[in-house]
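Below is one structure, written out as structure tokens; the observations come after it.
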There are 2 protein chains.
Amino acid sequence: MTLLAKTIQEITPQDQEWRARATARLEQLSMPHWALGRLMDLAVDLAGMTRSLTPPVARKAVVVMAGDHGVVAEGISKFPQEVTPQMVGNFVNGGAGINALARQAGARVVVVDMGVAADLSGMAKSGKILDRKIGLGTANLAAGPAMSREQAVAALEAGIGVALELADTVDLFGTGDMGIGNTTPSAAIVATLTGASVEKVTGRGTGLDSEQLAHKVVVIKKGLSVNRPDPADGLDVLAKVGGFEIAGIAGLILGAASRRKPVLIDGFISTAGALIAVSLAPHCREYLIAAHRSVEPGHKIMHEHLGLTPLLDLNLRLGEGTGGALAMNVVAAAQAVLTEVATFAEAMVATADK
Amino acid sequence: MTLLAKTIQEITPQDQEWRARATARLEQLSMPHWALGRLMDLAVDLAGMTRSLTPPVARKAVVVMAGDHGVVAEGISKFPQEVTPQMVGNFVNGGAGINALARQAGARVVVVDMGVAADLSGMAKSGKILDRKIGLGTANLAAGPAMSREQAVAALEAGIGVALELADTVDLFGTGDMGIGNTTPSAAIVATLTGASVEKVTGRGTGLDSEQLAHKVVVIKKGLSVNRPDPADGLDVLAKVGGFEIAGIAGLILGAASRRKPVLIDGFISTAGALIAVSLAPHCREYLIAAHRSVEPGHKIMHEHLGLTPLLDLNLRLGEGTGGALAMNVVAAAQAVLTEVATFAEAMVATADK
């Protein structure tokens, strides 16, 4: 059996009994019933995922998957492709947004070269990034498949491998991305898997003007009509209109879910990866926590399709895993509510009138 | 000059020059323009409040003001009044929601007896709470003024005093409350100061059913018609339909703003305190950060009146300062974005096409 097939097979739903135990305790806490709202909902999820009333969340890691995109040849991004490896260097040097927010949250940043169109072997050899390069960027999805089906499987399995390697030292995962042009494949994925129109799911990315946005819509439509990805086959969608870092994110989710670890999903690109992962293994949805709602208009459609309500809504549109890092504090807070707050009986506080 | 008048006089607006300096740096960070959205808006506010490009936020404290309310005689709460001192004990023992969330955020919890209807001198003598008791609970606001004008001033000045005492060791304040029945005076305050109808601003508090909610509306209307608080005179509103802990919160805000310290405003009761503070010293609004939108329907009306957009919306309705503690992480993250992220030039990353 392949690693991909084995991993998918190992993903089981949340445990209902642990959910019920957590709910029973939370209902007795020394406060009005369910007065900490979504923190308590999240605490129940954590118990169901981890099969524990003290869900481990202390060891945190944001995994930033990096890759390039042949579709940049169509002029769909404001930034030149060289920014992808430059930003990988920025991550390694600790100067990017994700570094600041991960430090604040007490999380490690793990950078993975899934397919950057530059030689990053120096950084890989010195152990600063993980080298899981599938290729020097994808092919142009507006002209044909972004990658072969074999490459898509290899990229998914690389992501699974990263999750499994980290799983012994990480309790809580966050997904992150870097890849100039990657809102384009992400929009193509959400349009294919949800049936939403390309216009509705295509946004300004790093800052396109209205004319450039209209062009991006045309490019995505061309990609979909050239490739005709099959919405019933997530692997086909990933190969034809996806990206190496999106595959890495999907693989990370599958691997983490197979080890019953909660995964915070960041923005538009990360959630495209989640759509792929859920299309391959529907139960992995139960290990996902939507960190935030980004400015990209298609993000809301992704969340609705996944049945997830994001924790934060702060007009973020950076990616890198920044929203996930920020939401790690909320997850830690939810865990603290479950594990540290006294019940009415423990605190000797009178309860409400019936 | 009284402490209250002196404090009000010392509150100045945010500094526009420091705001501009922060904006200039944030616009150069190695990311698409303003891609961290509200974190960046908040970083500008922090710079404007503190007059610094490295706004101090590391030393955090949630100040929980506790007081009782004579209006509980009207049957407006599900919980008996004895829960107020019991919960003060729970705070002191570290078992309440605020303790768990403050620990997670790295914040101290400072509990202040502003007017609990019980003898808490034991806890005060052992240094576990601050004794600023104005009385053993307010009078019943449905029958007459909740307190005298002199008591209102004394309670405000007590809150100011707490802020000034803490200001040398605290960078970031959060407001919190405990007081059975205190959504009733809070609703009366917001109705008076914003002109909104009592029906629109009155909620279920700790869990009233529809019949009990209708009764609460009647009680609040009675309080307003008996007292006729003057919306142009915040002190009159506070005295006639407020509470000792609400006054303490308002005073804390005034004191913190006079020392140019950011203050996270928690839920419905804390924001009622903020309405009083802003009515007395409009500039103090510029030191407020709305932590979250609570389930109480009147909270949104308060935020709109203050011109503040809350950071979080997680169905919280506990009070105690819990939403503020949770949002302290967001403030710390905003500060980290301003102080730790490299610019394009520093990181040697290419910028966007013009």
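The values are calculated or read from the model by the stated rules, or taken from the named source; none is laboratory data. Since the structure is predicted, the reported quantities are computational estimates derived from the model, not experimental observations. Here Cβ is always computed from backbone atoms with ideal geometry, including for glycine, and neighbour counts include all displayed protein chains. Side chains are part of the model used for accessible areas, which takes the heavy atoms of the whole protein and leaves out ligands, DNA and RNA. Shrake-Rupley method; radii C 1.70, N 1.55, O 1.52, S 1.80 Å.
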For this session: Using a Förster distance of 30 angstrom, determine the FRET efficiency expected from the C-beta separation of residue B:352 and residue A:136, and round it to 0.05.
Result: 0.85
Seminar exercise, completed: Taking the label point 7 Å from Cα along the Cα-Cβ vector, the copy-to-copy distances for residue A:136, listed from shortest in nm with one decimal, are 8.5
Seminar exercise, completed: Longest principal axis of chain B (C-alpha) makes with the long axis of helix B:210-227 (C-alpha) an angle, in degrees to the nearest 10, of 80
Problem set entry | residue B:9 paired with residue A:149, simple spin-label distance in nm, labels 7 Å along Cα-to-beta-carbon | 8.2
For this session: Using only the Cα atoms of the stretch A:300-347, construct the convex hull and provide its projected area averaged over every direction, in square nanometres to one decimal.
Result: 4.9
Problem set entry | Chain A, rotation onto B, residue closest to that axis via Cβ, with its distance in Å | A:329, 2
Seminar exercise, completed: The local net charge around residue A:11, scoring Lys/Arg +1 and Asp/Glu -1 for residues other than residue A:11 whose Cβ lies under 10 Å from its Cβ, equals +1
Exercise. By average Cβ neighbour count within 10 Å, what is the ranking of B:162-174, B:105-117 from highest down?
Worked result: B:105-117, B:162-174
Seminar exercise, completed: Expressed per residue, the solvent accessible area of the stretch B:60-331 in Å² (1.4 Å probe) is about 30
Exercise. Using the C-alpha atoms of the stretch B:38-197, what convex hull volume per residue, in cubic angstrom, is computed?
Worked result: 157
Seminar exercise, completed: Once all protein chains are kept in place, residue A:279 shows an accessible area at probe 1.4 Å, nearest 10 Å², of 50
Problem set entry | DSSP bridge orientation in chain A - percent antiparallel, rounded to nearest 5 | 5
Problem set entry | Summed residue charge, Cβ within 11 Å of residue A:335's Cβ, Lys/Arg positive, Asp/Glu negative | -3
Exercise. How far apart are the residue B:10 label points across copies, placing each 7 Å from Cα toward Cβ, in nm, shortest first?
Worked result: 6.1
For this session: Over all alpha-carbon pairs of the protein assembly as shown, lay out the pair-distance distribution in 10 Å bins, whole %, shortest bin first.
Result: 3, 16, 24, 22, 17, 11, 5, 1, 0
For this session: Leaving ligands, DNA and RNA out of it, report the carbon-plus-sulfur percent of the accessible area of the stretch B:60-331 at a 1.4 Å probe.
Result: 50
Problem set entry | Beta bridges per DSSP with both ends in the protein assembly as shown, % antiparallel, nearest 5 | 5
Problem set entry | Hull volume in cubic angstrom per residue (convex hull over the Cα atoms of the stretch A:210-273) | 92
Seminar exercise, completed: For peptide A:202-212, the mean count of other chain Cβ atoms within 10 Å per residue Cβ is 1
Exercise. Quick one: if the Förster radius is 41 Å, what FRET efficiency do residue A:16 and residue B:233 give, using the C-beta to C-beta distance and rounding to 0.05?
Worked result: 0.10
For this session: Would you tell me the mean number of C-beta atoms belonging to other protein chains that fall within 10 Å of each C-beta in A:98-108, as a whole number?
Result: 4
Exercise. Relative contact order (percent) for the stretch B:60-331, with alpha-carbon contacts under 8 angstrom and 6 or more residues of separation?
Worked result: 26
Exercise. At residue B:222, with labels set 7 Å past Cα in the Cβ direction, how many nm apart are the copies from this one, shortest first?
Worked result: 7.4
For this session: Please average, across the residues of A:329-337, the number of beta carbons from any other chain that are within 10 Å of each residue's own beta carbon, and give a whole number.
Result: 6
Exercise. Residues of the stretch A:125-142 with amide nitrogen under 11 Å from the 7 Å Cα-to-Cβ point of residue A:225?
Worked result: none
Exercise. With the radius of gyration and the Kirkwood radius both derived from the Cα set of chain B, what is their ratio Rg to Rh?
Worked result: 1.00
Problem set entry | Most to least packed among A:220-227, B:5-12, A:188-195 [average Cβ atoms within 10 Å] | A:188-195, A:220-227, B:5-12
For this session: Compute the long axis of helix A:16-26 from its Cα atoms, compare it with the longest principal axis of the Cα atoms of chain A, and write down the angle in degrees, 0 to 90, nearest 10.
Result: 50
For this session: Estimate for me the total accessible surface buried between chains B and A (protein heavy atoms, probe 1.4 Å, no ligands or nucleic acids), in Å² to the nearest 100.
Result: 4300
Exercise. How high is the FRET efficiency from residue B:128 to residue B:199, r the C-beta distance, R0 41 Å, rounded to 0.05?
Worked result: 0.50
Exercise. In degrees, nearest 10, range 0 to 90: what is the angle between the Cα axis of helix A:322-340 and the longest Cα principal axis of chain A?
Worked result: 20
Problem set entry | Computed [θ] at 222 nm, helices only, for the protein assembly as shown once each DSSP H run of length n ≥ 4 contributes -39500 (n - 2.57) | -15500 deg cm²/dmol
